[in-house]
Every structure is written in C-alpha cells, then in structure tokens.
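The values are calculated or read from the model by the stated rules, or taken from the named source; none is laboratory data. It should be emphasised that the depicted structure is a prediction, and the values quoted were computed from it without experimental measurement. Positions of Cβ are generated from backbone atoms using ideal geometry, with glycine treated the same way; all protein chains shown enter the neighbour counts.
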Ligand code: F6R
C-alpha cells in the first residue's frame with residue numbers, strides 16, 4: 001500500500017524515481033507523483049492513474065533535472081484518488097515537500113489548530129496536514145528540518161513512513177518510520193530511499209531498514225544519522241548486505257509476474273525445505289523450532305493468525321498439525337482476533353503467517369498475543385519485515401520476491417514451512433514411527449517435481465478457461481485438506497478476474513449453495529483419490545443431476561470422476577496431507593487465464609494492495 005522512493009546523490013534522480021515507482025507498483029496504488037530539486041526550485045508533477053501517466057505528465061510539465069528527489073504511489077485512504085490528493089505535498093510556504101505512506105489518525109484536530117493559525121489546505125489528505133505541522137514547528141521552535149520532523153511526529157497518532165526535504169537545505173532528506181516499511185540504500189556518495197529494496201537493488205545491495213519510531217537524516221557526503229523519534233537517543237545503523245538480485249524482481253520473459261511466480265513454485269518449494277529437510281539423516285532442522293522446542297511441545301494449543309491467502313495456508317496447517325502432531329489448533333483472521341478480547345495465556349503458541357510481513361492486522365494480533373504472554377512465531381517471506389522482527393522466533397519461507405498482487409508461491413511455500421514444523425513436532429512427540437517420518441520426508445522431496453508435472457496442464461486449463469471466462473459466478477468445493485484449497489481457488493478467481501466465487505466444504509453444499517446450481521454454474525471440485533474420495537464423488541453426482549458444469553481436479557489415472565465431470569485436470573498422486581501443494585496449481589492457472597482473457601490487470605487488480613499496512 002503506497003510506495004515511496006527517494007534519491008540524493010550525483011546521478012539524475014528522475015529515472016531512478018520513475019523506475020523505482022514502477023517496481024513498487026505491485027504494492028497497489030491509484031495515483032503517483034514526483035518532486036525534484038533542480039538546483040534552484042522544486043519541480044513537482046502528480047496525477048491520478050498509473051506511473052506511466054505520471055511519466056508522460058512529468059516529461060511535458062516539469063524540468064526533470066536534479067540529483068535530489070522523492071516519488072510516491074498512493075493508495076487512497078483520506079480523500080478520493082485524484083491529482084490534488086496525490087503526493088508529494090507542499091507546505092504552505094512551498095519550501096517543504098513530503099511523501100507519506102500510512103495514516104495520521106488525529107489529523108483533523110491538528111488541521112483545526114493549523115487553520116486557526118492561518119494555514120490553508122488544498123487537498124483532503126492527512127499528509128498535507130503533517131507537512132504543515134512540520135513547517136509550523138520549524139517556524140515556532142526555530143529548529144532545523146530534522147528536529148522539526150521529530151517534534152511534529154511526537155504530536156501525531158497513526159502510522160507512517162515519510163520522506164521530506166526542504167528547498168532551503170537541499171543537501172538532505174529526512175525520513176521516519178512507524179508501522180510502514182522504509183529502507184535506505186547506502187551507495188558510494190549517494191542514498192536511496194524506498195518502501196522495499198527493489199527500487200535500488202541495481203545500484204547497491206547495502207541497506208538499512210529503519211525500525212519503528214526511528215528517523216534518519218540522509219545528507220550528501222555524510223554518514224546516515226539515525227535517532228529515536230520519542231527520546232532522541234542515537235541509534236546505530238545496521239547496514240545489511242542484501243541477497244536480492246535484479247532477475248528476481250523482473251518478469252524474466254513471462255507476460256505477468258503472477259504467471260512467473262506460479263511457474264517458480266517447484267524452485268520456491270525446494271528453496272523452502274533446502275537445508276531443513278534432511279531425509280537421508282531422518283531429520284528436520286529448523287533453528288527457530290529447535291531453539292524453542294519445549295514451547296511448542298508444552299503448548300496447550302497453537303493459535304494461527306493471518307489474513308487472506310495466508311489465512312488459507314493457516315487453515316491447511318490446522319489440518320496438518322492436528323492430524324499429524326495431534327496439537328490443538330485454532331485459526332483466526334488477525335483482524336477479528338485483535339479486537340475480540342481473546343483468551344490467551346502463556347501456554348499458548350501463536351503462529352503469525354504473512355508473505356509481506358507488514359500486514360497491519362497481523363502485526364497488531366502479534367502485539368496483543370505478546371502482551372498476554374504467548375510465545376509468538378512468525379512465518380514470513382520478506383526478510384527483515386516488521387513481523388519477522390516483532391516475533392519471538394520464526395521461519396522464512398524463502399519464496400523470493402512475490403510481486404503479483406495475488407499470492408501464489410507464498411501460499412505453497414507457507415504450507416511447506418508449516419508442514420515441516422508439524423512433521424518435526426509429530427516426530428518429537430512420538431506420534432510418528434521412524435518409518436512413517438521417513439516416508440513423509442521422502443515424499444516431500446518429490447513435491448517440486450510433482451508441481452512441475454501439475455504445471456504441464458497449463459494448455460488444457462487455458463482451454464477450460466476459454467469456456468468459462470464469461471461466467472458470473474463460480475463455486476469451489478473441497479473436503480478435508482482440500483477445503484482450504486477451495487477457499488483459496490475462489491479468492492484467486494475473484495481478486496484477479498472480478499468473477500464472484502465462493503469456496504465451500506463439499507458436504508456443506510446441500511445446506512445452501514446447492515440452490516445456486518444450474519447449467520450456468522461452473523463448479524470446481526477437488527476430488528483427489530486420498531481423502532473422502534467417495535463422498536466427493538457423491539457430491540459431484542448431486543451437482544451433475546442439477547446440470548451444474550463440473551471441472552474436477554483429480555489424481556492421475558482417475559476414471560470414476562472422469563466419467564462424470566465436464567472437464568478433468570490431473571495432478572500426481574501424493575500423501576493426503578501434501579495434496580494442497582498440488583491441487584492449488586490448476587486453480588491458480590485457471591484464475592490466471594480467465595483474468596487474462598477478460599482483459600483484467602492480473603498483476604495489479606483494482607482496489608488491491610500487496611501489503612496491507614492499514615487496518
Ligand atoms: C491474496 C492476497 C491477500 C494476502 C493478504 C495477507 O492473493 O495476496 O489476501 O494474502 O493480504 O497478506 P500477507 O500474507 O502479506 O500478510
């Protein structure tokens with residue numbers, strides 16, 4: 001949600017800002033803008049729409065000169081998406097210019113105060129209030145920009161990642177963070193600022209990630225100065241060497257990031273268990289679990305919190321943990337958990353799942369559980385993200401950057417990590433014999449090749465997509481381990497193709513959704529051999545007798561469902577608890593192709609943001 005970029009150094013800032021904003025497009029946005037200092041003036045261009053619209057506007061409207069600048073993609077919160085509400089925003093004097101990611105919750109009371117003091121406002125945004133508050137502090141306290149930002153931020157309530165510079169002191173950019181991510185790329189005599197490292201990775205792989213309530217002054221030719229916003233204490237920059245490379249954040253010949261990421265799953269799953277799953281030694285090694293084994297083994301229960309696709313991975317994990325490790329599990333939407341006064345004790349283990357590691361509701365759920373004494377474990381993809389830092393221990397998924405807004409490889413790698421944890425706990429608890437454990441480990445090792453095989457159905461799925469691309473509704477059914485997969489399939493379809501879709505446990509169909517079935521209704525049924533197969537076959541028969549169209553995902557070689565369904569997509573056979581890793585693949589491809597055929601923006605679906613940093 002919202003992306004920020006900034007540059008100060010010796011290169012032309014504009015191309016770095018525009019390219020950087022393009023790299024951040026995946027975060028979701030509805031308008032964009034840049035401000036550049038050309039040596040004398042600030043030149044600002046902003047517009048509703050895409051970064052390419054901004055580029056066209058900037059090229060005709062402003063001078064693109066300058067080695068200092070900031071840029072922004074805005075996902076509207078306060079004020080509709082339009083040119084005026086877009087960032088950057090000037091202060092009233094025109095000297096300060098700011099970009100902001102987050103929400104200033106008490107902006108109305110600050111605005112009232114500033115109005116009394118003669119300030120005027122052009123936009124409806126909380127950000128314009130903030131930049132004028134900084135200006136007011138600068139004037140009344142007679143302090144430099146850095147100090148003014150600090151004093152102002154101590155008066156605001158909310159979340160922010162900001163970058164601001166002053167026309168009168170154009171050798172520095174002041175940045176600050178609370179609740180929204182902010183990275184500083186440290187080059188040789190130059191600095192980059194961004195919501196994540198993707199805008200600057202081709203220039204430097206040295207980066208400092210600001211902690212919450214930290215601010216920094218990046219000044220030309222100087223070291224970065226970090227300080228705590230609350231008490232002015234000096235903080236020391238921890239410069240990390242990033243492993244990210246440019247290839248990982250480019251499309252690599254695929255038409256969309258989503259398709260690339262679907263095809264990356266064999267590699268991503270392998271990377272997730274590489275070094276952790278040691279089948280030949282009969283071992284699973286995971287530092288975060290090994291060091292906290294007693295906490296898991298003595299837990300009364302595991303609570304899983306997450307949102308969206310990550311919540312679906314949590315549901316799969318519930319089946320795995322209870323089935324294999326016999327540990328009670330509750331799975332909660334983070335947004336509900338945080339506000340419902342849940343009963344949590346120090347005997348609970350909370351697992352927070354998040355691709356981005358920045359989801360505001362999941363972060364808040366973690367903080368609540370920690371306050372109540374629970375041990376909190378994170379499953380994140382983005383290294384160094386807020387959730388990864390906030391949790392007591394954790395395991396990264398190692399999926400690599402996921403740029404398509406619709407989660408694909410994040411889902412399967414989250415399931416892989418959670419399966420490893422469940423298997424390890426099952427073994428430690430004595431729920432598994434050595435041979436059963438070994439059977440699981442060796443089967444898990446075959447999954448990347450089996451996902452590869454599942455991907456071979458792509459052409460067939462494209463043909464099926466063509467038949468159903470104009471549907472208005474779709475039903476997804478699965479049972480047991482594949483019920484969460486049905487939910488995930490439905491979510492994928494609705495978010496990128498805007499077709500209404502529902503996921504249901506197959507047996508629940510007759511308690512309501514069966515009323516929807518007629519010859520117009522495509523029903524996607526996951527009917528793999530293991531796990532309630534005969535029951536699902538009966539459900540298929542019920543759909544067929546009401547003339548619903550059946551697209552079945554079946555185990556290789558299946559004959560019974562093939563004789564009933566309109567279309568059949570095969571996946572290789574595996575253990576029941578590992579089937580979600582395979583059955584998900586055709587559902588991802590189906591929604592992808594339908595969305596492409598409907599002309600939708602697959603990688604940046606309307607209204608959606610990749611990391612949801614506001615509640
Ligand atoms: C769906 C999707 C979202 C995210 C959700 C949580 O494809 O991407 O539903 O899964 O916003 O995000 P993370 O996992 O980053 O916490």
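Taking the condition modelled with pLDDT of 95 or more, crowded, with 23+ Cβ neighbours inside 10 Å, within 16 Å of the ligand (Cβ to nearest atom) and outside the structural domain of residue 181 (by TED's automatic domain parsing), does residue 419 pass?
Spelling it out, it is not the case that residue 419 is modelled with pLDDT of 95 or more, crowded, with 23+ Cβ neighbours inside 10 Å, within 16 Å of the ligand (Cβ to nearest atom) and outside the structural domain of residue 181 (by TED's automatic domain parsing).
If you scan region 277-316, which residues turn out to be assigned to a loop (DSSP other than H, G, I, E, B) and away from the ligand (no atom under 16 Å from the Cβ)?
282, 285, 286, 291, 292, 298, 299, 300 - these are the residues of region 277-316 that are assigned to a loop (DSSP other than H, G, I, E, B) and away from the ligand (no atom under 16 Å from the Cβ).
Would you check which residues across region 376-389 are more than 9 Å from residue 288 (Cβ to Cβ) and surrounded by 20 or more Cβ atoms within 10 Å (Cβ to Cβ) and list them?
376, 379, 380, 381, 382, 385, 386, 387, 388
Quick one: in region 383-398, of everything that is within 11 Å of the ligand (Cβ to nearest atom) and modelled with pLDDT of 90 or more, which residue is nearest to residue 252 (Cα to Cα)?
397
Answer yes or no as to whether residue 90 is in contact with a helix residue (DSSP H, G or I) (Cβ under 8 Å, 6 or more places away or on another chain), more than 30 Å from residue 221 (Cβ to Cβ), touching a residue at least 40 places away in the same chain (Cβ under 8 Å) and crowded, with 16+ Cβ neighbours inside 10 Å.
no
Which one of these is at pLDDT 95 or above and either within 16 Å of the ligand (Cβ to nearest atom) or under 25 Å from residue 539 (Cα atoms) (or both): 409, 450?
Step by step, each of 409, 450 is checked, and only 409 is at pLDDT 95 or above and either within 16 Å of the ligand (Cβ to nearest atom) or under 25 Å from residue 539 (Cα atoms) (or both).
So, of the residues in region 337-367 that are farther than 16 Å from residue 302 by Cβ and more than 14 Å from the ligand (Cβ to nearest atom), which turns out to be surrounded by the fewest Cβ atoms within 10 Å (Cβ to Cβ)?
This residue is 341.
Among the residues of region 465-482, what is the count of those that are in a helix (DSSP H, G or I) and surrounded by 24 or more Cβ atoms within 10 Å (Cβ to Cβ)?
Going through region 465-482 one residue at a time, the tally reaches 2.
In region 188-205, what residues are more than 27 Å from the chain's Cα centre (by Cα) and at pLDDT 95 or above?
Scanning region 188-205 gives a single hit, 190.
Could you identify the single residue in 223, 248, 211 that is assigned to a loop (DSSP other than H, G, I, E, B) and closer than 25 Å to residue 399 by Cβ?
211
Could you tell me which residue of region 604-615 is farthest from the ligand (Cβ to nearest atom), considering only residues that are under 13 Å from the mean Cα position of the chain (by Cα) and modelled with pLDDT of 85 or more?
604
Would you mind stating whether residue 201 is under 18 Å from residue 385 (Cβ atoms), outside any helix (DSSP H, G or I), without any contact (Cβ under 8 Å) to a residue 60 or more places away in the chain and away from the ligand (no atom under 16 Å from the Cβ)?
yes
Going through 322, 330 one at a time, which residue ends up being surrounded by fewer than 24 Cβ atoms within 10 Å (Cβ to Cβ), assigned to a strand (DSSP E or B) and away from the ligand (no atom under 16 Å from the Cβ)?
Residue meeting the stated conditions: 330.
Under the condition of being surrounded by 22 or more Cβ atoms within 10 Å (Cβ to Cβ) and part of a helix (DSSP H, G or I), which residue from region 496-508 is nearest to the ligand (Cβ to nearest atom)?
So, considering only residues that are surrounded by 22 or more Cβ atoms within 10 Å (Cβ to Cβ) and part of a helix (DSSP H, G or I), the one nearest to the ligand (Cβ to nearest atom) is 496.
If you scan region 380-389, which residues turn out to be in contact with a strand residue (DSSP E or B) (Cβ under 8 Å, 6 or more places away or on another chain), outside any loop (DSSP other than H, G, I, E, B) and touching a residue at least 40 places away in the same chain (Cβ under 8 Å)?
386
Restricting the search to region 127-145, which residues are at pLDDT below 95 and surrounded by 21 or more Cβ atoms within 10 Å (Cβ to Cβ)?
None; the set is empty.
Just checking, how many residues over region 17-60 are assigned to a loop (DSSP other than H, G, I, E, B) and either within 29 Å of the chain's Cα centre (by Cα) or in the same structural domain as residue 405 (by TED's automatic domain parsing) (or both)?
6
For region 432-442, state whether one or more residues are farther than 18 Å from residue 274 by Cβ, in contact (Cβ under 8 Å) with a residue 40 or more places away in the chain, not in a helix (DSSP H, G or I) and not assigned by TED's automatic domain parsing to the domain that holds residue 486.
yes
Go through region 267-276 residue by residue and tally those that are assigned to a helix (DSSP H, G or I) and either more than 20 Å from the chain's Cα centre (by Cα) or without any contact (Cβ under 8 Å) to a residue 24 or more places away in the chain (or both).
So the count comes out to 2.
Only one residue in 313, 287, 317, 306 is over 24 Å from residue 445 (Cα atoms) and either surrounded by fewer than 21 Cβ atoms within 10 Å (Cβ to Cβ) or in contact with a helix residue (DSSP H, G or I) (Cβ under 7 Å, 6 or more places away or on another chain) (or both), so which one is that?
Result: 306 is the single residue among 313, 287, 317, 306 that is over 24 Å from residue 445 (Cα atoms) and either surrounded by fewer than 21 Cβ atoms within 10 Å (Cβ to Cβ) or in contact with a helix residue (DSSP H, G or I) (Cβ under 7 Å, 6 or more places away or on another chain) (or both).
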